[in-house]
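Down below is the structure, laid out as structure tokens.
The values are calculated or read from the model by the stated rules, or taken from the named source; none is laboratory data. This one's a predicted model, so the numbers in the text were calculated from it and none came from an experiment. A quick note on method: Cβ atoms are made from the backbone with ideal geometry, for glycine too, and the neighbour counts reach across all protein chains shown.
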Amino acid sequence: MLSERGNQTAARGQVRPVCYRLCYQTRPPGRLVRVPPYGRSATIGRMPHPWPLFDLRIRTPRLELRAPTDDDLVALLDVARTGVHDPELMPFAFAWTDLRAPEFELSFLRFFWGTRASWAPAAWRLPLAVVHAGQPIGIQEVWATNFTTLRVVETGSWLGLRQQRQGLGTEMRAGVLHLAFEGLGATAALSGTLDGNEASRRVSEKLGYEPNGEDMVAPRGSPLINHRYLLRRENWQRGLYPVSLEHLDACLSMFGLPELRP
């Protein structure tokens, strides 16, 4: 299951996340900074953040995924206000985009603040701001319950309408799957697609997910089928996009995982 590239079973039966090769990143004002292996945090002109998730970075060819700051949330609120789906279609199990001001704004912020306040290794939810060309354009989430035992995560996402149909949805999910499988040692990832959300279905199929049953939801009061999908580790397409992780080691204890040793 986790035998690729020399993974070893850690003490107490836990699986040690994969080690990373040395790489180089360009940081303003253009100097090269060596990024340590094993996802260890590097101090680049400042101390690590006391909430380690704020230092975590997932990088793909076009995107950066990071825990959103309050400034990011304000920018993402503007993106959400301009629209993230066809008004005739509701792609979410909870119809949050139907809320009116000021409840729309308050609910939006409470949700993200709540994920920080309720974080626990036994049950966590990590929303990541999707940043393209320096601007937040959407959210890619990953969450789990009892992860250290089950090793299963679930994902969800949204993108601003202007950023859709450019392959970014596939790229951002590929990035968070790299975090889950390569960084945290997950063995499976789950996702769901409501009837009519063809874009989400195509992303899941492109990334190797398999149908995994159905359930019913009613975000607008009428029942809709939620199509469930499952991606097993052995079907994960590791090389579809090049992905790098930064500053992961400092976050591992927050996921209930052992920190890597020098």
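Of the residues contained in the range 245-256, one or more are found to be closer than 18 Å to A144 by Cβ, surrounded by fewer than 16 Cβ atoms within 10 Å (Cβ to Cβ) and modelled with pLDDT of 95 or more.
Among the residues that make up the range 254-262, is at least one of them touching a strand residue (DSSP E or B) at 6+ places or on another chain (Cβ under 9 Å), touching a residue at least 40 places away in the same chain (Cβ under 8 Å) and more than 27 Å from H49 (Cβ to Cβ)?
Checking the range 254-262: not a single residue is touching a strand residue (DSSP E or B) at 6+ places or on another chain (Cβ under 9 Å), touching a residue at least 40 places away in the same chain (Cβ under 8 Å) and more than 27 Å from H49 (Cβ to Cβ).
Among the numbered conditions (1) at pLDDT 95 or above; (2) closer than 29 Å to A218 by Cα; (3) in contact with a Lys or Arg (Cβ under 8 Å, 6 or more places away or on another chain), the only one that L65 does not meet is (2).
Annotation note: of G213, G185, the sole residue that is in contact with a Lys or Arg (Cβ under 8 Å, 6 or more places away or on another chain) and either of a type in the set (D, E) or in contact (Cβ under 8 Å) with a residue 40 or more places away in the chain (or both) is G185.
Taking the criterion of being surrounded by fewer than 17 Cβ atoms within 10 Å (Cβ to Cβ), touching a helix residue (DSSP H, G or I) at 6+ places or on another chain (Cβ under 8 Å) and more than 15 Å from L106 (Cα to Cα), the residues of the range 58-91 that qualify are P61, R62, T69, T82, G83. The residues of the range 142-182 include none that are of a type in the set (D, E) and without any contact (Cβ under 8 Å) to a residue 24 or more places away in the chain.
Specify the residue that is surrounded by the most Cβ atoms within 10 Å (Cβ to Cβ); the eligible residues are those in the range 134-154 that are more than 16 Å from D78 (Cα to Cα) and over 16 Å from the mean Cα position of the chain (by Cα).
Going through the range 134-154, the residues more than 16 Å from D78 (Cα to Cα) turn out to be 140-154.
Then drop every residue that is not over 16 Å from the mean Cα position of the chain (by Cα), which leaves 146, 148-150.
Details: N146: 12, T148: 18, T149: 11, L150: 12.
Looking at residues that are more than 16 Å from D78 (Cα to Cα) and over 16 Å from the mean Cα position of the chain (by Cα), I get T148.
Determine which member of the set V130, V152 is touching a Gly at 6+ places or on another chain (Cβ under 7 Å) and modelled with pLDDT of 95 or more. Walk me through how you get there before you give the answer.
Details: V152 fails: touching a Gly at 6+ places or on another chain (Cβ under 7 Å).
Checking each option against the conditions leaves just V130.
Taking each residue of the range 93-109 that is surrounded by 15 or more Cβ atoms within 10 Å (Cβ to Cβ) and looking for partners that are not in a helix (DSSP H, G or I) with beta-carbon atoms closer than 7 Å, six or more apart or interchain, yields A93/V217; A93/P219; A93/N226; T97/V84; T97/H85.
Quick test for you: out of S157, S204, pick the one residue that is at pLDDT 95 or above, crowded, with 23+ Cβ neighbours inside 10 Å, within 18 Å of H227 (Cβ to Cβ) and of a type in the set (S, T, Y).
On the way: S157 fails: crowded, with 23+ Cβ neighbours inside 10 Å.
Answer to the selection: S204.
Working only within the range 198-226, note down all residues that are part of a loop (DSSP other than H, G, I, E, B) and on the phi < 0 side of the Ramachandran plot.
Of the residues in the range 198-226, the ones part of a loop (DSSP other than H, G, I, E, B) are 207-209, 218-223.
Selection gives L207, Y209, A218, P219, R220, S222, P223.
Set side by side, the residues D70, D55 differ, and just one is of a type outside the set (F, W, Y), under 30 Å from G256 (Cβ atoms) and without any contact (Cβ under 8 Å) to a residue 40 or more places away in the chain, which is D70. Every condition in (1) farther than 16 Å from A144 by Cβ; (2) touching a helix residue (DSSP H, G or I) at 6+ places or on another chain (Cβ under 9 Å); (3) among the hydroxyl-bearing types (S, T, Y); (4) surrounded by fewer than 19 Cβ atoms within 10 Å (Cβ to Cβ) is met by T193 except one, and the failing one is (4).
Taking (1) surrounded by 18 or more Cβ atoms within 10 Å (Cβ to Cβ); (2) touching an Asp or Glu at 6+ places or on another chain (Cβ under 6 Å) in turn, L230 satisfies each apart from (1).
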